[in-house]
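For reference, the structure discussed in these notes is given below.
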Amino acid sequence: MNHWITEYVRAQKSALDSIPTDAVARLIETLRAALKEDRQIFVFGNGGSAANASHFATDLGKGASDKVGKPFRVLSLNDNVSWMTAIGNDYAYEDVFLRQLQNYGRRGDVALSLSVSGNSPNCVKALEWAKANGLRTAALVGAKRGRMAEIAEQVIVIADTHYGRVEDAQMGVCHLLCYAFMENPEWAG
């Protein structure tokens, strides 16, 4: 077991080392512009990525907003169970994010999706709509990249395919996106 743990930690460090800092810096700038322009930021994913999306929305919406003194208008599309189940039941599960974006999304807003495979049909469909309707699009994906990496204007790829390691590294990216403002609040304005 000790050998397995050591190897897992080694692989996790490698996944973290693969975070493309220039791409993260560009996404921080996109969030900074959204804050200045009072744009909405939508974030969404499935499974562990859904949990990361909710965590990110909390950190940006509460933690970063508190530090910069102006609210980030951020919403995790994973956090309205009633709406998601109604959409899934009455239309299709692949529409659960798309239909929410159709209600809320406006040109210039930001759609950020997280997926290890990059091929989650509901994330792909939402990003396609977002891009076609003038939203800024970003995807955090694993090494397989998938369709989301082809659609999104900004892509952050974690160089691993292991779900746990990629989701951990993606949460690291989410923390970078939030703590850039929390630890440098004067820069945000």
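The values are calculated or read from the model by the stated rules, or taken from the named source; none is laboratory data. Every value quoted in this text rests on a predicted model; they were computed, and no experiment measured them. Note: ideal-geometry Cβ built from the backbone for every residue, glycine included; neighbour counts use all protein chains shown.
Worth a mention:
- Residues of the range 169-189 satisfying the condition of being within 21 Å of A51 (Cβ to Cβ) and more than 13 Å from the chain's Cα centre (by Cα): Y179, M182
- Screening G108, G118, G146 for residues that are on the phi > 0 side of the Ramachandran plot, within 14 Å of the chain's Cα centre (by Cα) and not acidic (D, E) leaves exactly one candidate, G118.
- Every residue from the range 96-149 that is in contact (Cβ under 8 Å) with a residue 60 or more places away in the chain, among the small types (G, A, S) and under 15 Å from S49 (Cβ atoms): A111, S113, S115, S120, A126, A138
- Residues located in the range 62-76, provided they are touching a residue at least 12 places away in the same chain (Cβ under 8 Å) and either closer than 15 Å to A111 by Cα or of a type in the set (K, R) (or both): K67, K70, F72, R73, V74, L75, S76
- Counting only helices (runs of 4 or more DSSP H) that sit completely within the range 102-188, those holding 3 or more residues that are under 25 Å from L16 (Cβ atoms) and among the aliphatic types (A, V, I, L, M) correspond to 163-182.
- The condition of being touching a Phe, Trp or Tyr at 6+ places or on another chain (Cβ under 6 Å) and farther than 13 Å from C174 by Cβ holds for only one of L60, L75, that being L75.
- Flag if A34 is under 17 Å from Y179 (Cα atoms), in contact with a Phe, Trp or Tyr (Cβ under 9 Å, 6 or more places away or on another chain) and either polar (S, T, N, Q) or modelled with pLDDT of 95 or more (or both): yes
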